[in-house]
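Q: For reference, the structure I am asking about is given below.
Every number here is computed from the coordinates shown, using simple stated rules; none is lab data. Small disclaimer: the values here were computed from a predicted structure and weren't measured. Here the Cβ positions follow ideal geometry from the backbone for every residue, glycine too, while neighbour counts run over all protein chains shown.
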C-alpha cells in the first residue's frame, strides 16, 4: 500500500510531528510505501527507500498564518496531480485544501477560541488580534 501523509513536519520532537513520525515508522515497519508531503522530516526517514519526501517549502513567509496558507495551496496542488498514485491519504486537520481519506485532528481551534485563557483575551494588542484571527480561520 502507498500511504500519503500531509503534515508540516514529521519529526520526533514535536507534537503533531511526533504523532506522524510514529505513524510513518509503523507503516514502514509493516512494509508500506509512504509519500510524506511536509516541510520537514526526520533524517532517518529521508534515508528510507520506502519514503518519498515531497518537500513543501514555506520558509521565508513572515507569519505562521501565511506559512500554513502556502502549505495548504502547495500540498493541494501536488495532490491534485498525484492523488491517483496513492492508496490512502492521511491529512491533519485543515492542513490542505485537498480532500483526504483520513483526517487526524490534533487540536480543536474553535474550542480554544472560546477559552478564557486564549491569547487574544490575555493580550489586547496586535499579537492578540493576530492569534484571534489565526485561531478563528482554522476553527
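Q: Please give the contour-minus-distance gain from residue 46 to residue 73: 0.36 nm per residue of separation, less the Cα-Cα distance, rounded to one decimal in nm.
A: Stretched out fully, the residue 46 to residue 73 stretch lengthens by 7.4 nm.
Q: Further, regarding this structure: Once both axes come from the Cα atoms, what is the angle between helix 15-29 and the longest principal axis of the chain, in degrees from 0 to 90, rounded to 10?
A: With both axes taken from Cα atoms, the answer is about 10 degrees.
Q: Using only DSSP helix segments of four residues or longer, with each worth -39500 (n - 2.57), what per-residue ellipticity at 222 nm results for the chain after dividing by its residue count and rounding to 500?
A: Helices in the chain give a 222 nm mean residue ellipticity of -13000 deg cm²/dmol.
Q: With 13 Å as the cut-off, how large is the P(r) tail for the range 22-81, expressed as percent of Cα-Cα pairs?
A: 64 percent
Q: For Cα Rg over 2.2 N^0.38 Å, the listed values are (1) 1.26; (2) 1.07; (3) 1.12; which was obtained by calculation from the structure presented?
A: (3)
Q: Something else about it: In what order do 63, 135, 7, 96 fall by count of nearby beta-carbon atoms within 10 Å, going from fewest to most?
A: In order of increasing Cβ crowding within 10 Å: 63, 135, 96, 7.
Q: Something else now. Let me have the relative contact order for the chain, percent, based on Cα pairs under 8 Å that are six or more residues apart.
A: Relative contact order, the chain: 21 percent.
Q: Label 7 Å along Cα→Cβ of residue 133; the range 61-81 residues with amide nitrogen under 15 Å?
A: Of the residues in the range 61-81, 62-70 have backbone N under 15 Å from the label point off residue 133.
Q: For a footprinting-style exposure proxy, rank 86, 137, 69 by other Cβ within 10 Å, fewest first.
A: In order of increasing Cβ crowding within 10 Å: 137, 69, 86.
Q: For a quick check: sort 3, 37 by the number of other beta carbons within 10 angstrom, fewest at the front.
A: 3, 37
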